[in-house]
1. Using a ≥ b ≥ c from the Cα gyration tensor of region 13-89 (square roots of the eigenvalues), is it rounded, prolate or oblate, where a/c under 1.5 gives rounded and otherwise the larger of a/b and b/c decides, a/b for prolate?
2. Please work out the FRET efficiency for the pair Cys93 and Leu170, using the Cβ-Cβ distance as r and a Förster radius of 41 Å; give the result to the nearest 0.05.
3. Can you give the charge dipole size of the chain about its Cα centre, rounded to the nearest 20 debye, using +1 on the beta carbon of Lys and Arg and -1 on the beta carbon of Asp and Glu?
4. Go ahead and run the numbers for FRET between Met120 and Lys157, Cβ-Cβ distance against an R0 of 45 Å, rounding to 0.05.
5. What accessible surface, in Å², does a 1.4 Å probe find on Arg64, ignoring ligands, DNA and RNA and rounding to the nearest 10?
6. Per residue of the chain, what 222 nm ellipticity follows from adding -39500 (n - 2.57) for every DSSP H run with n ≥ 4, rounded to the nearest 500?
7. Counting only heavy atoms of protein chains, what accessible area per residue, in Å², does region 1-118 have with a probe of 1.4 Å?
8. If you project the alpha carbons of the chain onto the principal axes, what extent comes out on each, in Å, largest first?
Amino acid sequence: MANIKVYLLGRPYVEMDGERVNFPYKKAEGFFYYLCVKKTATREEIISVLWGADNENVGRKNLREAVYQIKKLLGKEILVTVGHTSISLNPECMPEIDWDNLNDENLLDAEEQGFLSHFMIKNSYEFEEWISAMQEQYNKRFVKVAREKLYKADATKNMEEIQKYSNILLKIKPLLLSILDKLLYLCKVTQTKV
């Protein structure tokens, strides 16, 4: 069984046994990334997200082709189909996915990356909307964790940490005036220049 790693943060890519994998076309690649996040999805859901503009029969044909291409590229065991209703990543040979390993401790390390950065599929507006929703979810979690760390640093008056987490938040949300006000107040109190 191959060792598959999937990187969804930053510019996405897949490695199999240490080598980068090239998908035959963007919609097959997007379908695989979608499953890496969702783990399982109905055929109708996948068709709607990736081939929403096509008619249903064309969407089904395209999905069958994408499933075939992914199994050919990553191994037959990577996907599990349940009748004609759903498709899942095989839990017995689940790839290592960076998105699954995000937690409050390492989330801020991925500061500059974002979710599926610069990955677009031409004429697939539903897929772009899904990416936007996932990026928004990522950003909200990112801001929440950075704020919590900022408040902890403030409680201990750790100026280095206060400045670090304030800068992170200002990069993400430049108009967070309350954070800027807090930083300026703390700098004034401790006589530190920004």
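The values are calculated or read from the model by the stated rules, or taken from the named source; none is laboratory data. If you're wondering where the values come from, they're calculated on a predicted model, not measured in any experiment. Quick reminder, even Gly has a Cβ in these numbers, built from the backbone with ideal geometry, and neighbours come from all protein chains shown. Calculation scope for accessible area: heavy atoms of the full protein, side chains included, ligands and nucleic acids excluded. Shrake-Rupley method; radii C 1.70, N 1.55, O 1.52, S 1.80 Å.
1. Values: a/c = 1.90, a/b = 1.53, b/c = 1.25.
Prolate shape, in that a/c is at least 1.5 and a/b is the bigger ratio.
2. Numbers: r = 42 Å, r/R0 = 1.03.
Calculated transfer efficiency: 0.45.
3. Details: 28 positive and 28 negative charges, 81 e Å.
In total the dipole reaches around 380 debye.
4. Values: r = 45 Å, r/R0 = 1.00.
In this case the efficiency is close to 0.50.
5. 140 Å²
6. Working: 6 runs with 100 residues, N = 194.
Taking each H run of at least 4 residues, the total per residue is -17000 deg cm²/dmol.
7. Working: 6260 Å² over 118 residues.
Value returned for region 1-118: 53 Å² of accessible area per residue.
8. Projected onto the principal axes, the Cα atoms of the chain cover 67, 36, 25 Å.
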